[in-house]
Amino acid sequence: MSKVAFYTLGCKVNFYDTEAMWQLFKKEGYEQVDFESRAADVYVINTCTVTNTGDKKSRQIIRRAVRRNPDAVIAVTGCYAQTSPAEILAIEGVDLVVGTQDRDKLMTYVADIQAERRPVNAVRNIMKTREFEELDVPDFADHTRAFLKIQEGCNNFCTFCIIPWSRGLSRSRSPESVLAQARQLVASGYKEIVLTGIHTGGYGDDLENYRLADLLRDLDKVDGLERIRISSIEASQIDDAMIEVLNGSKKMCRHLHIPLQAGDDEVLKRMRRKYTTAEFADKIRRIKAAMPGVAITTDVIVGFPGETDAHYERGYRFMEEIGFAEMHVFPYSKRTGTPAARMDDQVDDDVKHGRVQQLIELSERMQAEYAERWVGEVLEIIPERGEKGPAGSGLMSGHADNYLNVVFKGDPSLVGQLCRVRIVEGGANECRGELVEAPAAGLMPAMQA
């Protein structure tokens, strides 16, 4: 049996794309092996180009694959492959560069290379692509949540970001295809679906009179689907229709990831973001009114060119006032080819590091405060695979719809099922709970973690 090994760098969308490529190999009878431990006949490296470091790491992994088996087909795909195919083909041993489109043709390319060893550059101009690439993932081996990619590309052209050049302009998966895939995932036993994409909130920008809010309404009607989660959405894309869905849907999770990036208007303008802090705060107020108890998580870039102490301090106070449930904090990293990399007033690395630490501490404090609010409440948890803690401890963990990670005592048969759990102790990274009700056994005695 032929063997394939994958290595994925970068974002969740890349991990989804790798799962989709694995489905193609599986249909051809391949066995998947671990990248590090066993030699494979084909190596697929799914690359990242968000930062210059991403490019460098991608090159290191490609060379590692060549060393592991010089006779294997080395296929490189993803964002770095899309933006720099010649650079990758110059690495000795690389056979195929595909980029972020035409991955549905992967098996044909691999077979051709195996028949006649000649390097292939299959990268096309991504800016001319207008169709969503249909690649299904019917099963997620290590997850009780299913991911469903509904959108690709981005039209925003923020000054720090290379993604439109590596993923192309925004394009949406057809509603019929999304709903069919959602039904298939529910039939496979998934109760929660996470809608994902490069710019998920941009879903429908290229469709006629059909937006993300319409898709959410249609997904709401899918029998057996209990939870719908959006991986990320921009504040500028939360309109009245979206607020109405958040207010009315019984399936929408009380958790939205809304990237802020900076808490100061001058910095936001330099980033070319499409909102002011006042507009962002107003959207958050409206969301919290429509969906009481909602967890709002965010991304923040620290030390963007020209960010002064005053900008940073204003941003810190703004984030504190919003009261995020968690913040993902990143130091600004120069990306060659973006306007921000050419800007004057680059911030010193030591200053960036100090600010990052302060914001991580703020995030942990806000996380703990958010969790503390739920002590005594009963939440619905979907336990994930594998015990939490030492073997035989009987501890399970899973996420509530508001994304609190909860650990409680329960039986492994509960994995993937909706359980009602009372929160007995809050915490920044995980909460403790006691099982109140499980689907198979009906009402159960409380079992404290």
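The values are calculated or read from the model by the stated rules, or taken from the named source; none is laboratory data. In this text, all values refer to a predicted model and were calculated from it rather than measured experimentally. With ideal geometry, Cβ positions are generated from the backbone for all residues, glycine too; neighbour counts draw on all protein chains shown. Heavy atoms of the whole protein, side chains included, go into the accessibility calculation; ligands, DNA and RNA do not. Shrake-Rupley method; radii C 1.70, N 1.55, O 1.52, S 1.80 Å.
Using just its DSSP H runs of length 4 or more, each adding -39500 (n - 2.57), the chain gives a mean residue ellipticity at 222 nm of -10000 deg cm²/dmol after division by all residues. Packing-based ranking of 251-259, 62-70, 28-36 yields 251-259, 62-70, 28-36, ordered from highest to lowest mean Cβ neighbour count within 10 Å.
Rounded to the nearest 20 debye, the dipole size of the chain about its Cα centre is 540 debye, using +1 on the Cβ of Lys and Arg and -1 on the Cβ of Asp and Glu. A simple count of charges around MET366, restricted to other residues whose Cβ falls under 9 Å of its Cβ and scoring Lys, Arg +1 and Asp, Glu -1, yields -3. Evaluating kT/(6 pi eta Rh) at 10 °C and 1.306 mPa s, with the Kirkwood radius of segment 134-181 over Cα pairs in the Stokes-Einstein relation, gives 126 µm² s⁻¹. The lysines within cross-link reach of LYS56, meaning a Cα-to-Cα straight distance under 18 Å and a gap of 8 or more places when in the same chain, are LYS334.
Highest-first packing order for the peptide set 38-48, 153-163, 410-420 is 38-48, 153-163, 410-420, based on the mean count of other beta carbon atoms within 10 Å. Averaged over its residues, the chain has an accessible area of 44 Å² per residue, based on protein heavy atoms and a 1.4 Å probe.
Each of PRO383, VAL329, LEU9 was scored by the projection of its Cα onto the charge dipole of the chain, and the greatest displacement toward the positive side belongs to LEU9; charges sit on the C-beta of Lys, Arg, Asp and Glu. Residues in segment 51-58 carry Karplus couplings, in order, of 10, 4, 5, x, 4, 4, 4, 4 Hz; the curve used is 6.51 cos²θ - 1.76 cosθ + 1.60 with θ = phi - 60°, and Gly or Pro positions show x.
Here the simple spin-label model places points 7 Å from the Cα toward Cβ, and for ASN52 and ARG130 these points are separated by 3.8 nm.
In the chain, the portion of solvent-accessible area held by carbon and sulfur atoms comes to 48 percent [1.4 Å probe, whole percent, DNA, RNA and ligands not counted]. Take the Cα of GLU28, go 7 Å toward its beta carbon, and the backbone nitrogen atoms of segment 1-22 under 12 Å from that spot belong to 2-5, 21-22. State whether segment 7-75 is rounded, prolate or oblate according to the following rule on the C-alpha gyration tensor (a ≥ b ≥ c being the square roots of its eigenvalues): a/c under 1.5 gives rounded; otherwise a/b larger than b/c gives prolate, and the remaining case gives oblate. Oblate. Taking the DSSP beta bridges with both ends in the chain, the antiparallel portion is around 35 percent. Local charge for LYS149 was computed over the other residues whose Cβ lies under 10 Å away, with Lys and Arg +1 and Asp and Glu -1, and equals -4.
Couplings for segment 30-35, taken from phi via the Karplus curve 6.51 cos²θ - 1.76 cosθ + 1.60 with θ = phi - 60°, read 6, 9, 8, 10, 5, 4 Hz in order; Gly and Pro are left as x.
Summary of packing: across the peptides 194-205, 75-86, the per-residue average of other C-beta atoms within 10 Å ranks them, highest first, as 75-86, 194-205.
Taking amide hydrogens as placed 1.01 Å from N in the peptide plane, the amide H of HIS255 sits under 5 Å from those of ALA295, each at least 5 positions away in sequence or on another chain. Backbone N atoms of segment 34-55 closer than 17 Å to the 7 Å Cα→Cβ label point of ARG117 belong to residues 40-43.
Scanning the chain for cysteines with no neighbouring cysteine C-beta under 4.7 angstrom from their C-beta gives CYS11, CYS48, CYS79, CYS154, CYS253, CYS419, CYS431. Computed from the alpha carbon atoms alone, the convex hull of the chain holds 156 Å³ per residue. Note down the net charge around TYR30, summing +1 for each Lys or Arg and -1 for each Asp or Glu among other residues with Cβ under 12 Å from its Cβ. Net local charge, TYR30 excluded: 0. Report ³J(HN,Hα) in whole Hz for each residue of segment 131-136, in order, from the Karplus equation J = 6.51 cos²θ - 1.76 cosθ + 1.60 where θ = phi - 60°; Gly and Pro get x. So the J values, rounded to whole Hz, are 9, 6, 7, 7, 9, 8. Cross-link pairs exceeding 18 Å between alpha carbons, from the set LYS149/LYS274; LYS3/LYS57; LYS3/LYS27: LYS149/LYS274; LYS3/LYS57. Oblate is the label for segment 91-203. Its Cα gyration tensor axes, ordered a ≥ b ≥ c, give a/c of at least 1.5 and b/c at or above a/b. Close amide H contacts of VAL347 (hydrogens built in the peptide plane, cut-off under 5 Å, sequence separation of 5 or more or a different chain): GLY306. Remark on CYS431: its backbone amide H falls under 5 Å from those of ASN405, VAL406, VAL407, a criterion applied only to residues 5 or more positions apart or on other chains, H modelled at 1.01 Å from N.
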